[in-house]
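What follows is a short report on a single structure.
Where a number appears in this text, it was derived from the coordinates with a stated rule and is not lab data. Remember, it's a predicted structure, so these values are computed and weren't measured experimentally. Cβ sites come from the backbone with ideal geometry, for glycine too, and all protein chains shown count toward neighbours.
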Amino acid sequence: MQTPPTTQTHKRVLLKLSGEQFAGDREYGVDPIFVNKLAQELAETIAATNVQLAIIVGGGNIMRGASVAKSGIERATGDYMGMLATLINGMALVDILKANGVPARLQTRVRSDQVAEPFTRGRGLRHLEKGRVVVVAGGTGTPYVTTDTAAVTTALELECDMVIKATKVDGVYDKDPKNHPEAVKHDNLTFGKVLSDPEMNVMDNAAISLAMDNHLPIVIFDLLTRGNIRRVIEGENIGTKVS
């Protein structure tokens, strides 16, 4: 008799949030209502699973470095501006997490001592072990690198079991599902397939290569469906797993 598959809750997970998600229904800036709903879901998830959670935040709702670089601003300067935007999102998220009863700390790879701790691996690990959510802003602290790569790097440094990337769609498709109703969702993909197919919009190649080299699985899932964060952490087969 075949044993049915069982779910397994992951002990330590890194959640990657894009800056656009912080805007909620707005075109620009931070939507406190959306962030509050997210914080409530994270509080419920942590209480139910006892997961140790690190979060990397993007800054595209405020500033996208690659975009402003086309207007006379140096690319490196634009990327640093984007890193500062992630710090604003991180500050909002940490305060709202605390307001929902979740202990959280903001760390940054860009020096901003008045508002955040400098990121260090040892301090981050201690916060996680004490049950605090660690929100990391500032990308990697260097230009020409995306927050996707920062997510993988941070997950490796903090010894996370996997990276879960929250998006507005329920996984990775062979075509854009908005323009192609017949598009097929992939439940599982290999790193090699993602790297070789330019249509696979998962993460940038640097992030995927780093995850592949270190055998770090990545799950792409829909953030807008309430409860999905817990389902992914508990090992349910939702979204698209890249491994």
(Q) If the requirement is being farther than 17 Å from residue 22 by Cα and surrounded by fewer than 23 Cβ atoms within 10 Å (Cβ to Cβ), which of these qualifies: 125, 84? (A) 125
(Q) So the check is Cβ under 7 Å with 6+ separation or different chains; which pairs have a first residue in the range 74-92 that's more than 12 Å from residue 145 (Cα to Cα) and a second one that's polar (S, T, N, Q) and part of a helix (DSSP H, G or I)? (A) 86/147
Q: Would you check if there is a residue in the range 1-15 being among the hydrophobic types (A, V, I, L, M, F, W, C) and either outside any strand (DSSP E or B) or over 20 Å from residue 163 (Cα atoms) (or both)?
A: yes
Q. Any residue at all in the range 59-67 that is buried (at least 22 other Cβ atoms within 10 Å of the Cβ), closer than 23 Å to residue 162 by Cβ and touching a residue at least 40 places away in the same chain (Cβ under 8 Å)?
A. no
**Q.** Search result, residues across the range 205-237 that are in contact with a helix residue (DSSP H, G or I) (Cβ under 7 Å, 6 or more places away or on another chain) and within 19 Å of residue 46 (Cβ to Cβ)
**A.** 219, 221, 223, 226, 229, 230, 233, 234
Q. So, in the range 190-204, of the ones that are more than 16 Å from residue 16 (Cα to Cα) and touching a helix residue (DSSP H, G or I) at 6+ places or on another chain (Cβ under 6 Å), which residue ends up surrounded by the most Cβ atoms within 10 Å (Cβ to Cβ)?
A. 194
(Q) Quick check on the range 156-169. Is at least one of its residues under 20 Å from residue 92 (Cβ atoms), of a type in the set (A, V, I, L, M) and surrounded by fewer than 23 Cβ atoms within 10 Å (Cβ to Cβ)? (A) yes
